[in-house]
Structures are given as structure tokens and as C-alpha cells.
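Student: Attaching a single structure in C-alpha cells format; questions to follow.
All of the numbers you see were taken from the coordinates with simple rules; none came from a lab. Note that the coordinates shown come from a computational prediction; the quantities given were computed from them, not determined experimentally. Please note: Cβ atoms are built from the backbone with ideal geometry, for glycine as well, and neighbour counts cover all protein chains shown.
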Amino acid sequence: MKFYLDTSVFGGYWDEIFKVDTIAFLEYARDNNAEIIYSDVTEEELEGAPQKVKQLVQNLEETERIRIKVIEMNDEAEILAKRYIEEGALAKKCENDARHIALASIYGVNALISWNFKHMVNFTRLQQYNSINLRLGYRLIDIRSPKEIII
């Protein structure tokens, strides 16, 4: 199993509302030998994050024994991300969200995991992303919160 994590999941580890479910999701990933994928887009977004969030990212593989893979933004993903914006699935100001979704779509993960309910874990938007993906020859993407994976 492969899960793409956006930046909100790493921040959720330290957030009182999302902490319990984020930790449970990471334990689920470890116990099920899932591969956790994030991107250089995530790394850029984490540059301004508190040190404890950055440390979590660094320690997942060592301390939690979770398989990690970092992927890089590429031209194909950039084109798909721009298409999401051009077709109105996301606004221009949500460019990084579009990049996360495009990378997860192209990489073929089982699900993109996020706490971003406005732009990602959103039924209407998911239908828009999948409509675009299918028309362009990409597979359907599934976007879930950590809580949806562990229940």
C-alpha cells in the first residue's frame, strides 16, 4: 500500500484536534508495511514549519520504522496541476494543493492523505479532479483524511 501525505498530516501530528488520528494513521502505516510518500513540494512547505514538525518528518523512518519515499515535482505533474486550476477545480492561490494531487495521481498511490477539507478531502472537488484525470488518461485518485483510513 502507498499513501501520499500532504503537509497537513505532518502538522496534524502536533495539533490537538488531529493528533490522535494522525498518530493512529502512522501506526497503521507502520503495522501494515505501507509506504509513505511525500514530495519536494511538501519539503518546501515545511521550511517555515516549527522545528518539532520538521523533526517528525526526519524521524518517521528511523524512530517509527515507516517506509518513506520522497518524490520530486516534474513537468508532467506541473502540467496536470495547472489543468486542475485552468478547469476551476482549484484557484491559482492553491497551486501547491494542485501539485500534491497531481503527483499523487501520476505516482499511482492508493490514497492521498490530508487534513485539508476545503481543497482536498472534499467530495465535490474530488469528482472534479477525477473528471480531469480520466479525460487526460490518468487513473482515479482517492483522497482521505487519516481518520478515514484507520476506522
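Student: How large is the dipole of the chain about the Cα centre if only Lys and Arg carry +1 and Asp and Glu carry -1, each at its Cβ, rounded to the nearest 20 debye? Mind dumping the intermediate values first?
Tutor: Values: 19 positive and 25 negative charges, 89 e Å.
Here the size comes out at about 420 debye.
Student: Based on the Kirkwood radius over alpha-carbon pairs, what is the Stokes-Einstein translational diffusion coefficient of the chain at 37 °C with 0.692 mPa s viscosity, in µm²/s?
Tutor: My calculation gives 213 µm²/s for D.
Student: Would you pull out the residues with amide H under 5 Å of residue 5's amide H, same chain only if 5 or more places away, H placed 1.01 Å from N?
Tutor: When sequence neighbours closer than 5 places are left aside, the close amide H contacts are 37, 38, 113.
Student: Enumerate the calculated ³J(HN,Hα) couplings along the stretch 4-15 in order (Karplus 6.51 cos²θ - 1.76 cosθ + 1.60, θ = phi - 60°), each rounded to whole Hz, writing x wherever the residue is Gly or Pro.
Tutor: The phi angles translate into 8, 9, 8, 4, 4, 5, 5, x, x, 4, 10, 8 Hz.
Student: Applying the Karplus parametrisation 6.51 cos²θ - 1.76 cosθ + 1.60 with θ = phi - 60° to the phi angles of the stretch 141-151, what ³J(HN,Hα) value in whole Hz is obtained for each residue in order, glycine and proline being reported as x?
Tutor: Working through the residues one at a time gives 10, 10, 10, 9, 7, x, 4, 5, 6, 8, 8 Hz.
Student: Convert 37 °C to kelvin, take the viscosity as 0.692 mPa s, use the Kirkwood radius over C-alpha pairs of the stretch 24-92 as Rh, and evaluate the Stokes-Einstein diffusion coefficient in µm²/s, rounded to a whole number.
Tutor: 234 µm²/s
Student: Do you know the Lys pair count in the chain for C-alpha distances under 14 Å, with sequence separation 8 or more or different chains?
Tutor: Total qualifying Lys-Lys pairs in the chain comes to 6.
Student: Karplus couplings for the stretch 18-24 from phi (6.51 cos²θ - 1.76 cosθ + 1.60, θ = phi - 60°), rounded to Hz, Gly and Pro as x?
Tutor: Karplus values, whole Hz, x for Gly and Pro: 9, 4, 4, 6, 5, 4, 4.
Student: I want to check the label-to-label distance for residue 86 and residue 142. Put each point 7 Å from Cα in the C-beta direction and report it in nm to one decimal.
Tutor: 3.0 nm
Student: Can you compute the label reach from residue 15? Point 7 Å from Cα along the Cβ direction, backbone N cut-off under 12 Å, restricted to the stretch 94-118.
Tutor: 114-118, by backbone N distance to the label point.
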